[in-house]
Amino acid sequence: MYLQRRNRILRQSPAIRSLVAETKLSPQDFIVPLFIDEGKTVKMEISSMPNYYRMSLDNTVKEVKELWGMGIKAVLLFIKCEDSLKDNTGKEAWNKNGLMQRSIKAIKDAVPEMIVMTDVALDPYSTYGHDGIVKDGEIVNDETVEALVKMSISHAAAGADFVAPSDMMDGRIGAIRAGLEENNFTNTGILSYSAKYASCFYGPFRDALDSAPGFGDKKTYQMDYANRAEAIKETMMDIEEGADIVMIKPAMAYLDIIREIKNAVEVPVSAYHVSGEYAMIKAAAKMGWLDEDKAILESLTSIKRAGADLIATYSAKDAVKLIS
């Protein structure tokens, strides 16, 4: 009696396992989120995100140069708006001399080939901490979309390669695409947060930008985590409206959604390995409950295996060092 097929043959050494691995990570897979603040020489660790920082623009430029040197090709920018500039219209979001606009220009001047993606939502600029304009306790859709179009055009004018609407308002992709076309920004892409769920895993991010909602929650515009088919519907609509890349957020609790969308679409699929997912690994590693390096690689590999072509992650630098 003999075994005709011995599957363990392909697992018996690291070299063989690497040779036949179906999913492999590379620096080009990663989008690095960057938190930018006013000032100079600022590098402030985010308390709920150990070893991750909010930095002033001078240090951000240094960071981008380091990332490029590591082989990472894309960054996603978020800015911390000063409280004095916040209101219910979000008008600081399209100030041509605003922090986001200055950041885009500085990064493109320093590392012209770096792909610069920019967050498009009103929550950093809102006195209410919501992604849209508030009227009578409601986050209104259409007026918010008008503001998002202005914001996107402003980012494109500053030199952004992709605008990344994370707001989940209805119809905003089509409106942004039309606004970019009408203003001759025909080469500016749209990375759409197409399936962004109302998740508890965003908490540390809101610490980073002081952007927690001042009342209620975001469940009237972000998706219900109980739903799957809705994610496909939302994503297909965004593609029809002109999205070039689609995003699922969060990632690890939504691997099934990543795969469903990957199977349904013909555009690149990205996923956001969010702040809470990052913080959980850090906290468990600090307690000695798991090996941080192994957890990072296993988590990111699972996201790519599920179907993500690109992964926005706070662990990008660590991952590149581990796979190099």
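The values are calculated or read from the model by the stated rules, or taken from the named source; none is laboratory data. Model, not experiment: these values are computed from the prediction. For accessibility, only protein heavy atoms count, side chains too; no ligands or nucleic acids. Shrake-Rupley method; radii C 1.70, N 1.55, O 1.52, S 1.80 Å.
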So what's Rg/Rh here for the range 122-221, counting alpha carbon atoms and using the Kirkwood radius for Rh? 0.97
Per-residue HN-Hα couplings for the range 112-127, Karplus 6.51 cos²θ - 1.76 cosθ + 1.60 at θ = phi - 60°, whole Hz, x for Gly and Pro? x, 7, 5, 7, 9, 10, 10, 5, 10, 5, 8, 4, x, 9, 9, 5
Pull up all non-local amide H partners of Ile311: gap of 5 or more, or a different chain, and H-to-H distance under 5 Å with H placed in the peptide plane. Phe30, Ile31, Ala271
Only one of the listed values, (1) 11; (2) 26; (3) 5, was derived from the coordinates as percent of Cα pairs over 39 Å apart; which label is it? (1)
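Could you tell me what percent of the DSSP beta bridges with both partners in the chain are antiparallel, to the nearest 5? Spell out each step's value before the answer.
Working: 6 of 41 bridges.
DSSP beta bridges in the chain are roughly 15 percent antiparallel.
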What residues qualify as long-range amide H neighbours of Ser194, i.e. H under 5 Å apart, gap of 5 or more or another chain, H built at 1.01 Å from N? Met247
Any aspartates and glutamates with Cα under 13 Å of the Lys86 Cα? List them, leaving off those in the same chain fewer than 8 positions away. Asp123, Asp131, Asp210
Once every DSSP H run of n ≥ 4 in the chain is given -39500 (n - 2.57) and the sum is divided by its residues, what mean residue ellipticity at 222 nm do you get, rounded to the nearest 500 deg cm²/dmol? -12000 deg cm²/dmol
What list of ³J(HN,Hα) values in whole Hz, one per residue of the range 230-242 in order, does the Karplus curve 6.51 cos²θ - 1.76 cosθ + 1.60 (θ = phi - 60°) give from phi, with Gly and Pro shown as x? 4, 5, 5, 4, 4, 5, 4, 5, 4, 5, 4, 7, x
For the chain, longest principal axis from Cα atoms; helix 142-158 axis from its Cα atoms; angle between them, nearest 10 degrees, is 80 degrees
Taking amide H positions as placed 1.01 Å from N in the peptide plane, with prolines and chain starts having none, which residues 5 or more places from Cys81, or on another chain, fall under 5 Å of its amide H? none
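Roll a 1.4 angstrom probe over the protein heavy atoms and tell me the percent of accessible area of the chain that is carbon or sulfur. Please report the intermediate quantities before stating the final value.
Details: 7600 of 15150 Å².
After summing per-atom areas, the C and S share lands at 50 percent.
Using the Kirkwood formula over every pair of different C-alpha atoms, what hydrodynamic radius in Å results for the range 209-291? Mind dumping the intermediate values first?
Values: mean 1/r = 0.0675 Å⁻¹.
Final number for the Kirkwood radius of the range 209-291 is 14.8 Å.
Among the listed pairs Lys196/Lys233; Lys73/Lys196; Lys96/Lys150, which are separated by more than 18 Å between their Cα atoms? Let's see the in-between values first.
Numbers: Lys196/Lys233 13 Å; Lys73/Lys196 24 Å; Lys96/Lys150 11 Å.
Among Lys196/Lys233; Lys73/Lys196; Lys96/Lys150, the Cα-Cα distance tops 18 Å for Lys73/Lys196.
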Is the range 68-120 best put as rounded, prolate or oblate by its Cα gyration tensor, with a ≥ b ≥ c the root eigenvalues, rounded for a/c under 1.5, and otherwise prolate when a/b is larger than b/c, oblate when not? prolate
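Taking Cα pairs under 8 Å and at least six residues apart, what relative contact order does the chain come out at, in percent? Walk me through the numbers before you get to the answer.
On the way: 609 pairs, mean separation 55.6, N = 324.
Taking the mean separation of contacting Cα pairs over the length of the chain, I get 17 percent.
Leaving out ligands and nucleic acids, note down the accessible area per residue over the chain with a 1.4 angstrom probe, in whole Å².
Working: 15150 Å² over 324 residues.
I get 47 Å² per residue for this part.
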For the range 1-132, shape from the Cα gyration tensor axes a ≥ b ≥ c, cut at a/c of 1.5 then a/b versus b/c, turns out prolate
In vacuo Debye scattering of the range 117-163, one point per C-alpha: log10 I(q)/I(0) at q = 0.14, 0.21, 0.28, 0.30 Å⁻¹? -0.35, -0.69, -1.00, -1.08
Past 27 Å, Cα to Cα: identify those pairs from Lys108/Lys282; Lys249/Lys294; Lys24/Lys65; Lys262/Lys282; Lys40/Lys219, in the order given. Lys108/Lys282; Lys262/Lys282; Lys40/Lys219
